[in-house]
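J.: This is the structure I have questions about; it appears just below.
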Amino acid sequence: MPNETVTNVNLAIELEVNMFALIMAGGSGSRLWPRSRKNQPKQLLDLGSGRTMFQEAYDRVVPLFGNEGIFVVTSGEYVPMMRQQVPAIPAANYIIEPSGRGTAPCIGLAALYLQRLDPQGVMCVLTADHYIQKAELFRQVLQAAAQVAESGYLVTLGIAPSFPSTGFGYVQRGTSLGTVGGFEAFRVEKFTEKPDAETAQRFCESGMYSWNSGMFIWRVSVILREFEKLMPALYAQLMEIDAAIGTSEERIVLERVWPQVEKQTIDYGIMERAEDVAVIPVDIGWSDVGSWATLLDILPADGDGNVVTGQHLGVDTHGCLIYSPDRLVATVGVEGMIVVDTGDVLLVCPRKRAQDVRELVKRLQEEGREEYL
């Protein structure tokens with residue numbers, strides 16, 4: 001997944017606050033199984049660009065935030081691999097989540113640490129497993145969003161929908177808040193979870209909806225205040241953890257409290273119920289890399305529309321994704337298929353069923369076949 005060349009340039013908008021990049025990097029990426037496994041999730045894989053997704057996430061933000069301003073929240077088992085891949089991020093900037101409890105607790109935990117640096121600073125919540133083609137534009141919109149966040153808004157980046165997807169949430173624009181740095185911001189009228197096909201088509205035709213990117217920008221103090229207001233049980237648990245941070249009891253308290261934390265997303269827990277929410281619609285060449293089929297859209301293809309990594313011999317083979325670094329995959333008369341060979345697993349499925357790969361992972365979990373997970 002080619003990124004723009006990273007250059008350390010000063011962007012146009014000057015801010016009066018500290019900005020922090022929080023890269024959420026703890027997911028397992030089950031829809032990219034069998035390459036994505038528990039011990040090496042998709043964000044730590046090179047999916048075809050020569051850089052891992054985590055490295056690409058770093059490449060995108062370091063010109064704006066610098067190494068000291070980049071923080072990573074992840075599982076402790078992934079930190080050694082991440083530090084090897086991106087040694088420039090300070091070791092102290094890794095925030096260890098004992099287990100995955102959803103994006104709301106993840107973000108709340110990170111906010112506890114960032115408030116110690118600057119409670120009025122702006123926190124840009126990003127992910128390690130998204131593809132963003134227009135990296136410079138992305139940095140510019142983050143700076144614009146930070147200015148909107150300075151006014152107390154919770155800001156989300158809205159992606160211009162390229163088709164009526166039923167796999168993404170949608171954000172409806174309300175009244176305009178004005179233009180900042182060349183980007184227009186709007187109040188959010190409503191969030192809608194993954195709609196049916198008819199509704200998605202209507203949303204796209206209206207021109208008033210964006211895909212919910214899952215990237216958010218806000219002041220640290222503002223998001224903590226929203227946790228207190230809208231998720232009081234989680235806030236109380238965060239305050240218990242907060243009181244122990246910096247003491248010899250920090251890890252003990254975190255390990256005791258965390259299993260009691262309810263799993264919840266930031267979208268449902270906060271964004272869909274908060275009052276001062278803004279969206280900046282933008283076209284940054286975004287994809288959530290949610291399945292093998294996505295890679296067919298964003299990776300370079302050969303003359304037959306095939307995306308091949310490794311060895312492939314094809315006759316009348318079109319629009320397929322082939323991954324097989326260790327042995328030859330030969331195909332005849334095949335179209336729109338996913339073939340992934342990792343040595344211990346061979347995955348074969350139609351492109352249109354790529355989202356269902358996670359059902360295989362679920363079956364393996366139910367059957368206790370951990371060696372393949």
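The values are calculated or read from the model by the stated rules, or taken from the named source; none is laboratory data. Bear in mind that the values here come from a model prediction, so they are computed numbers and not experimental data. No Cβ is skipped: glycine too gets one built from the backbone with ideal geometry, and neighbour counts run over all protein chains shown.
J.: With the condition kept exactly as written, say whether any residue in segment 176-188 is surrounded by fewer than 21 Cβ atoms within 10 Å (Cβ to Cβ) and over 14 Å from Ile280 (Cβ atoms).
T.: No: segment 176-188 contains no residue that is surrounded by fewer than 21 Cβ atoms within 10 Å (Cβ to Cβ) and over 14 Å from Ile280 (Cβ atoms).
J.: Please list, ordered by first then second residue, the pairs with beta carbon atoms under 7 Å, 6 or more apart or interchain, first in segment 246-274 and over 30 Å from Glu193 (Cβ atoms), second surrounded by fewer than 17 Cβ atoms within 10 Å (Cβ to Cβ) and at pLDDT below 95.
T.: The qualifying pairs are Leu254/Pro98; Glu255/Pro98.
J.: For the subset of segment 102-145 comprising residues that are of a type outside the set (A, V, I, L, M, F, W, C) and in a helix (DSSP H, G or I), which member is surrounded by the fewest Cβ atoms within 10 Å (Cβ to Cβ)?
T.: Glu136
J.: Next question, about the same structure. Going by the conditions given, is Leu224 in contact with a helix residue (DSSP H, G or I) (Cβ under 7 Å, 6 or more places away or on another chain) and in a helix (DSSP H, G or I)? Reasoning before the result, please.
T.: On the way: in contact with a helix residue (DSSP H, G or I) (Cβ under 7 Å, 6 or more places away or on another chain): yes; in a helix (DSSP H, G or I): yes.
Yes, satisfied.
Residues checked against (1) in contact (Cβ under 8 Å) with a residue 60 or more places away in the chain; (2) touching an Asp or Glu at 6+ places or on another chain (Cβ under 6 Å); (3) over 28 Å from Gly310 (Cα atoms):
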position	(1), (2), (3)
Ser36	no, no, no
Gly48	yes, no, no
Phe54	yes, no, no
Gly69	no, no, yes
Val72	no, no, yes
Met81	no, no, no
Gln84	no, no, no
Pro87	no, no, yes
Asn93	no, no, yes
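J.: For segment 172-201, how many residues are among the aromatic types (Phe, Trp, Tyr) and touching a Ser or Thr at 6+ places or on another chain (Cβ under 7 Å)?
T.: Initially, segment 172-201 is screened for residues among the aromatic types (Phe, Trp, Tyr), giving 183, 186, 191.
Now drop any that are not touching a Ser or Thr at 6+ places or on another chain (Cβ under 7 Å), which leaves 186.
So the count comes out to 1.
J.: Just wondering, is there one or more residues in segment 256-264 that are surrounded by fewer than 20 Cβ atoms within 10 Å (Cβ to Cβ), under 28 Å from Asp46 (Cα atoms) and within 22 Å of the chain's Cα centre (by Cα)?
T.: Within segment 256-264, not a single residue is surrounded by fewer than 20 Cβ atoms within 10 Å (Cβ to Cβ), under 28 Å from Asp46 (Cα atoms) and within 22 Å of the chain's Cα centre (by Cα).
J.: Give Asp242, Asp267 a once-over and let me know the one that is surrounded by 13 or more Cβ atoms within 10 Å (Cβ to Cβ), at pLDDT 95 or above and not aromatic (Phe, Trp, Tyr).
T.: Among Asp242, Asp267, only Asp242 is surrounded by 13 or more Cβ atoms within 10 Å (Cβ to Cβ), at pLDDT 95 or above and not aromatic (Phe, Trp, Tyr).
J.: Tally up the residues in segment 325-373 that are in contact with a helix residue (DSSP H, G or I) (Cβ under 9 Å, 6 or more places away or on another chain), more than 19 Å from Gln40 (Cβ to Cβ) and among the β-branched types (Val, Ile, Thr), please.
T.: Number of matching residues: 1.
J.: If you go through segment 275-299, how many residues are part of a loop (DSSP other than H, G, I, E, B) and either touching a residue at least 40 places away in the same chain (Cβ under 8 Å) or closer than 16 Å to Ile159 by Cα (or both)?
T.: The qualifying residues number 9.
J.: Assuming Ile280 fulfils every condition listed in (1) closer than 30 Å to Pro161 by Cβ; (2) out of contact with any Asp or Glu (no Cβ under 9 Å at 6 or more places or on another chain) apart from one, which condition is it?
T.: Failing condition for Ile280: (2).
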